[in-house]
Every structure is written in structure tokens, then in C-alpha cells.
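Input: a single structure, listed below in C-alpha cells.
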Amino acid sequence: MNKQTLILVALATAFSVTASADPGKGPHDGKAENMRPDGKPHPLLRQVDANKDGEISKTEVDAVQARRFAAIDTDGNGEVSREDILAQARERAEERLQRMADMQIDRLDENGDGVVSQEEFNARSDQGFARRDANNDGVLTRGELRPDGPRGPRNERQQRRGPRESGEENDS
């Protein structure tokens with residue numbers, strides 16, 4: 001393997017599946033030398049110390065690395081290629097996209113049927129429009145569109161930022 005391949009493997013390893021040790025169990029809990037300043041066991045102990053003896057042996061490291069390598073070596077040929085790394089990255093991206101889609105559906109699906117109707121989809125913008133339309137005339141003016149418009153800042157960030165200094169007149 002050349003240096004570039006080793007770097008790719010190291011990067012992929014950093015993002016790959018870690019060992020599934022149970023973080024709250026084992027004799028390493030409570031040993032001051034194995035604890036982080038926040039009182040939790042060192043992450044490497046949780047991930048690598050398979051026998052929970054508070055020490056990490058070369059055998060334990062080798063076992064974790066073997067699992068990580070196998071997770072990256074998607075075609076199982078005993079070598080990690082660019083294609084293997086891309087395949088794993090695509091798989092993870094797909095999983096993240098699935099979670100994001102589920103969160104969007106959960107947020108918008110008011111009746112809980114697992115799909116978002118046009119009415120449910122429009123509900124948020126309808127609420128935002130109504131909140132902005134200070135004079136209830138069904139039209140948003142430039143002044144009503146400003147984040148610091150007639151109803152004040154929409155969120156805490158806008159409150160901290162304060163009013164905009166755009167020099168524009170308020171059309172309300």
C-alpha cells in the first residue's frame with residue numbers, strides 16, 4: 001500500500017464503525033487514571049477494551065482494526081480501494097438521508113398517516129404568512145417581511161442581532 005492509500009484507510013477508519021463495547025460497565029469505571037476530566041471512561045477504553053480490564057492490549061487493538069477494515073472492505077477482497085471507501089460513504093449518506101426524510105415527515109405530517117398532504121405541506125407557510133401579516137390584509141409589505149418587522153424578531157438569534165440598518169422605509 002502506498003502512503004496515500006494508508007491515509008485514506010486511516011481517514012475511513014476514523015469514520016467507520018467502532019467496537020460495540022458497553023460504555024457503562026467494567027472495572028475501568030472509576031479508575032482515576034482511566035477517566036477523562038468529566039468523570040467518564042476514556043473513549044478508547046469504551047471502544048477497544050473488550051475484556052474491560054482497564055487496559056488496551058495490542059490484541060484488542062488488532063481486533064478492532066480488523067473489524068474496521070472489514071467494514072470498509074465492502075467487496076471483501078482483503079484490500080481497501082477508493083471504490084470501497086466511496087461505497088461505505090454512500091451507505092452512510094443514504095442512512096442519514098433516510099433519517100432526515102423521516103424527521104421531515106414527522107414534523108409536517110399532522111394527522112400521522114405517514115405522508116404529507118398539500119394541506120399539511122402548506123400549513124407552515126400559512127402560519128408564517130399569518131404571523132407576518134401584521135395588519136391582516138392578506139399582503140406582505142417590505143416592512144412586514146423584515147426579520148425585525150412589526151411583530152418583532154422571529155427568534156432569539158434575531159433578537160441578539162438587533163434591528164437591521166438597511167435605510168429602507170417601512171411600507172406598513
Expressed in nanometres to one decimal, the distance between label points 7 Å along Cα→Cβ at residue 65 and residue 106 is 3.9
Distance in nm between residue 52 and residue 86 label points, each 7 Å along Cα→Cβ, equals 4.3
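Using only the Cα atoms of the stretch 40-140, build the gyration tensor, take square roots of its eigenvalues as a ≥ b ≥ c, and label the shape rounded, prolate or oblate: rounded if a/c is under 1.5, else prolate if a/b is larger than b/c, else oblate. Mind dumping the intermediate values first?
On the way: a/c = 4.07, a/b = 2.47, b/c = 1.65.
Prolate shape, in that a/c is at least 1.5 and a/b is the bigger ratio.
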Residue separation between residue 44 and residue 135 times 0.36 nm, minus their alpha-carbon distance, gives in nm 26.8 nm
Note to self: with every protein chain in place and a 1.4 Å probe, the stretch 59-139 gives an accessible area per residue in Å² of 72
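The values are calculated or read from the model by the stated rules, or taken from the named source; none is laboratory data. All of these numbers come straight from a predicted model, not from anything done at the bench. Cβ coordinates were reconstructed from backbone atoms using ideal geometry, including for glycine residues, and neighbour counts include every protein chain displayed. Note: areas computed on protein heavy atoms with side chains; ligands, DNA, RNA excluded. Shrake-Rupley method; radii C 1.70, N 1.55, O 1.52, S 1.80 Å.
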